[in-house]
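Note sheet for the following structure.
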Amino acid sequence: MNRNLVIPVFFLIYSLTNITWGVENSFEEFLHKGKEYFNQGQYFLALDDLQSAQARADTLEQRAQANGMLGLTHYQMRHREQANALLRQAIDSGTGDIPDRVHWTTTLADLQANQGQFEYAHRLYADATKIAGDDPELRTTIHLRQAISLSPEQRLAELVRIHHTLGDITNSIACARYLLDLGTQAQELGITGLKLAYTSFEQARQKLDEQQPRLLADALDGLAQLYEDQKRYNESLHLNQQAILLGQRIAAHDLLLELEWRQARLYRNLQQPAPALAAYQRTVEHVEAIRQDLPLKYHHGRSSFREILEPIYLGLADLLLAEAKKMNGEGKTELLYRAREAVELIKASELEDFLGGRCAIHRNQSTLLEAVDPTTAILYPILLPERLELLVSSGGEIRQYTQSVSAATLQGLTHQLARGLRVGKSNTKTIAQQLYGWLIAPAQPWLHQRQVQTLVMVPDGVLRLIPPAALYDGRHYLIEDYALATSPGLTLFGATPLQQQKVKILLAGMSEPGAVIEHLPPASLQNLIDGNERGFNLDQAPPPPPRLTDEFSKYRGNR
């Protein structure tokens, strides 16, 4: 028998059997499975089962249970709007067990506090406290949540007080959860909360075993971070490796992302680049596994691109470039291309962040490099904290040029040039020449050798503020030596040749006209207002009617 046919036939028989026998999970089964996944931190799997439970809810209480758990899950996944709506529905139902109602109300209070609605959050915390009564576990939950909004000094005092009351919690798993929460909050306070953070994580670790892999991994994760912060890298690495093994057992990509990222940092600090690169690559794989579910912004308002994605991709690119510097031949070329691909992921994530959606960008895997002719070169600057890396490629070759200039210095001069060009300052040539020396001069001999005629610049960060044409070598502007083009990224758009038929050109576009409007040729003004798509001849254009100046003045006034 062909072994490749066994699995498909088995699943076909299983599916037909289920259809024939009418096997269907009940509301209780889906809700139970959803809760299990939630407690393990597998929120994506929990969401599927809880949505199935919601669809099977027949009574008001069942709908409240499903909505409440879905709201909690969306909250953990940073889906603010969905969490808000579902939690309100669960609370407004007036049904549910006391622990559930406290959990829903407290989480909604957290959500409101995160949005700056402190008065409403305070009322919700008070409601939750009334519902909790004298239950020590429920009151501890509420007090821990309220502590977040206190000042650092008040928060530490409150956390110490809560820690002393945990002896009243008889359920070891519940107590471990409180200790993990307490340790995380203490860790956020820095050196003043260090002792409490360590004590809390260590006590949680002692209360747990491998029957609670997610919670135990969280405890090890917290301890590993404390040791990393103190530069005790070997101890951190030992704890982190244990946490990774637990995370792999439950396929917790969100946790493994953080753990493998730390693993990469630790190996690099221990001067072990090979395992560091492998850890960075695994980190990227975990990011891609949950990429669409990563929030654009966290509860505290910071972008997930700035918090997670950019540091991971930039760290990978930094290490790849550092290793490429030590190599020659095909090995070096491979590392350079991999570094450029990592930075392309930054550009795609940044654009997603700007457009407001993870599904907004479809990366084109056929890069511009394979579509250009041999006389075209691609300049790919990468700004790192302490150096500038310039990748220059043409045809099948790629070169690396490293400049000892910090990102802060480069950013400062670029801002100066951008401002100078806008207002017509006289010192722009000096700044443009300095930037030319970093961005163009190192590759100039190779560009001449290959007889390059066209440069495609893929600017990074602040370099997008200036036109490459303004770069100056002391005698000529860059535009005098090369045909120039810019691209936001090599894989963001396909390298499709421009069709020469029915070409339409955007003449101008402004969100708010400034004083420059009054200095445009009259024909330009007339076409802007009339919406002329056919173009015009400046020499033959009639003088503008009196209404033009009035129209633009009125427009400015309305703005």
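The values are calculated or read from the model by the stated rules, or taken from the named source; none is laboratory data. Keep in mind it's a predicted model, so treat the numbers as computed, not measured. Cβ sites come from the backbone with ideal geometry, for glycine too, and all protein chains shown count toward neighbours. These accessible areas exclude ligands, DNA and RNA; they are computed on the full protein's heavy atoms, side chains included. Shrake-Rupley method; radii C 1.70, N 1.55, O 1.52, S 1.80 Å.
Some notes on this structure:
- Amide hydrogen proximity for Thr486: with H placed 1.01 Å from N in the peptide plane, the residues at 5 or more positions away or on another chain lying under 5 Å are Met457.
- Sorted largest first by accessible area at a 1.4 angstrom probe radius, with every protein chain in place, the residues Thr73, Thr486 fall in the order Thr486, Thr73.
- Between Thr192 and Arg232, the modelled labels are 2.3 nm apart [label points 7 Å from Cα along Cα→Cβ].
- Rounded to whole Hz, the Karplus (6.51, -1.76, 1.60) HN-Hα couplings of the range 262-273, x for glycine and proline: 5, 4, 5, 4, 5, 4, 5, 5, 8, 6, 10, x
- 11 Å beta-carbon shell around Glu61, net charge (K/R +1, D/E -1): -2
- Here the convex hull built on the C-alpha positions of the range 51-107 has a volume of 65 cubic angstrom per residue.
- Share of pairwise Cα separations in the range 380-441, more than 20 Å, in percent: 33
- With the simple spin-label model, which puts each label point 7 Å out from Cα in the Cβ direction, the Gln271 to Lys325 separation comes to 1.6 nm.
- Among 209-219, 184-194, the order from most to least packed when residues are scored by Cβ within 10 Å on average: 209-219, 184-194
- Between the residues Val284, Ala251, Tyr267, the greatest Cα displacement towards the positive end of the dipole of the range 180-331, with unit charges on the Cβ of Lys, Arg, Asp and Glu, is found for Tyr267.
- Scattering curve values for the range 133-219, log₁₀ I(q)/I(0), Debye with Cα scatterers, q = 0.16 Å⁻¹: -0.57
- Using C-alpha pairs under 8 Å with a sequence gap of at least 6, the mean separation divided by the residue count of the range 54-160 gives a relative contact order of 19 percent.
- Between the range 142-209 and the range 83-103, the alpha-carbon center distance in angstrom: 26
- With DNA, RNA and ligands ignored, accessible area of Met327 (1.4 Å probe; Å², nearest 10): 80
- Length-normalised contact order of the range 154-250 in % [C-alpha pairs under 8 Å, at least 6 apart]: 22
- The alpha carbon convex hull volume per residue for the range 184-334 rounds to 125 Å³.
- Evaluating 6.51 cos²θ - 1.76 cosθ + 1.60 at θ = phi - 60° for every residue in the range 242-256, the Karplus couplings come out as 5, 5, 4, 4, 5, x, 5, 4, 10, 6, 8, 4, 5, 6, 4 Hz, glycine and proline recorded as x.
- When the range 42-179 is reduced to its Cα atoms, the Kirkwood hydrodynamic radius in Å: 15.7
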